[in-house]
Amino acid sequence: DVKVTQSSRYLVKRTGEKVFLECVQDMDHENMFWYRQDPGLGLRLIYFSYDVKMKEKGDIPEGYSVSREKKERFSLILESASTNQTSMYLCASSLFNYGYTFGSGTRLTVV
Amino acid sequence: AQSVTQLGSHVSVSEGALVLLRCNYSSSVPPYLFWYVQYPNQGLQLLLKYTTGATLVKGINGFEAEFKKSETSFHLTKPSAHMSDAAEYFCAVSGLDDKIIFGKGTRLHILP
């Protein structure tokens, strides 16, 4: 089975900290995605990548950046964490239009 | 541009009854359509997908969905609900760019 592993299930960070969320997939998928999930708002796309060193902004990229130095790893970076970035963060990978495989999510709390 | 509308943020059915979760989509290109399920504190799991071909799609756990182009719908059904089906369900659409647009979700409650 394809596995997408997110490094932390729960994180608590302080306002202003730089935060790294790591995501690794083991099935050689080209495409990787970061979403955040909030009650009543559903899933919103933050950034995505179709290839190594490539990144594209999604619908809500402000306050975030990403890194994809290797095909299997896609990192989400919160440059200076703020309380409005408290959320569930979901990473996914895919082959084109076969559907996404999601990680278990990271619940981030910024205090 | 693509969008998804899920009718009803909460749906309750009795155990053993028919499950029907409604989804309508909008897409300017032939759509790829998906249903995902999310259990508490977990990521999303793919239930089923429509790409091309047969319009009735069967998925895991006894769920199925029918693509109706004329109605721009992709409703999810299951003949007999089980307590373990209680979860949140997301309908989703993508085009050629593999960027999936998700609906806001429907939480399914199963009544004993």
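Any read-out appearing in this document is the output of simple, stated calculations on the displayed coordinates, not a laboratory observation. The model shown is predicted, which means the values in this text are computed figures rather than measured ones. We place every Cβ from the backbone using ideal geometry, glycine too, and count neighbours over all the protein chains shown.
Residues in the range A:5-63 that are assigned to a strand (DSSP E or B), without any contact (Cβ under 8 Å) to a residue 12 or more places away in the chain and at negative phi were compared, and the one that is nearest to the other protein chains (Cβ to nearest Cβ) is A:Glu56. Each residue in the range B:41-64 was checked for being within 11 Å of chain A (Cβ to nearest Cβ) and outside any strand (DSSP E or B), and 6 pass. Apart from one condition, A:Cys91 fits all of (1) part of a strand (DSSP E or B); (2) more than 13 Å from chain B (Cβ to nearest Cβ); (3) touching a Leu at 6+ places or on another chain (Cβ under 9 Å); (4) farther than 15 Å from A:Pro39 by Cα; the exception is (2).
Determine whether A:Leu21 is more than 27 Å from B:Leu96 (Cβ to Cβ) and surrounded by 14 or more Cβ atoms within 10 Å (Cβ to Cβ).
It is true that A:Leu21 is more than 27 Å from B:Leu96 (Cβ to Cβ) and surrounded by 14 or more Cβ atoms within 10 Å (Cβ to Cβ).
Residues that are surrounded by fewer than 21 Cβ atoms within 10 Å (Cβ to Cβ) and of a type in the set (Val, Ile, Thr) within the range A:88-111 comprise A:Thr109, A:Val110, A:Val111, listed in sequence order.
Being part of a strand (DSSP E or B) and more than 14 Å from chain A (Cβ to nearest Cβ): is that true of B:Phe67 here? Criteria met by B:Phe67.
Take the residues in the range B:1-40 that are of a type in the set (Val, Ile, Thr), in contact with a strand residue (DSSP E or B) (Cβ under 8 Å, 6 or more places away or on another chain) and within 13 Å of another protein chain (Cβ to nearest Cβ), then tell me which one is nearest to B:Ile110 (Cα to Cα). The residue in question is B:Val37. A count restricted to the range A:49-89 and to residues that are closer than 22 Å to B:Asn41 by Cβ and more than 14 Å from the chain's Cα centre (by Cα) stands at 3.
With the requirement that a residue be assigned to a strand (DSSP E or B), closer than 21 Å to B:Asn41 by Cα and out of contact with any Lys or Arg (no Cβ under 9 Å at 6 or more places or on another chain), what does the range B:102-112 give you? Give the steps one after another, and end with the answer.
In the first step, residues of the range B:102-112 are kept if they are assigned to a strand (DSSP E or B); the result is B:102, B:106-111.
Filter once more, so that each one left must be closer than 21 Å to B:Asn41 by Cα: B:102, B:106-110.
The answer is B:Arg107, B:Leu108, B:His109, B:Ile110.
Identify, please: which residue in the range A:70-85 is among the charged types (D, E, K, R) and out of contact with any Lys or Arg (no Cβ under 7 Å at 6 or more places or on another chain) and is, among those, surrounded by the fewest Cβ atoms within 10 Å (Cβ to Cβ)? Checked the range A:70-85; the qualifying residue surrounded by the fewest Cβ atoms within 10 Å (Cβ to Cβ) is A:Lys70.
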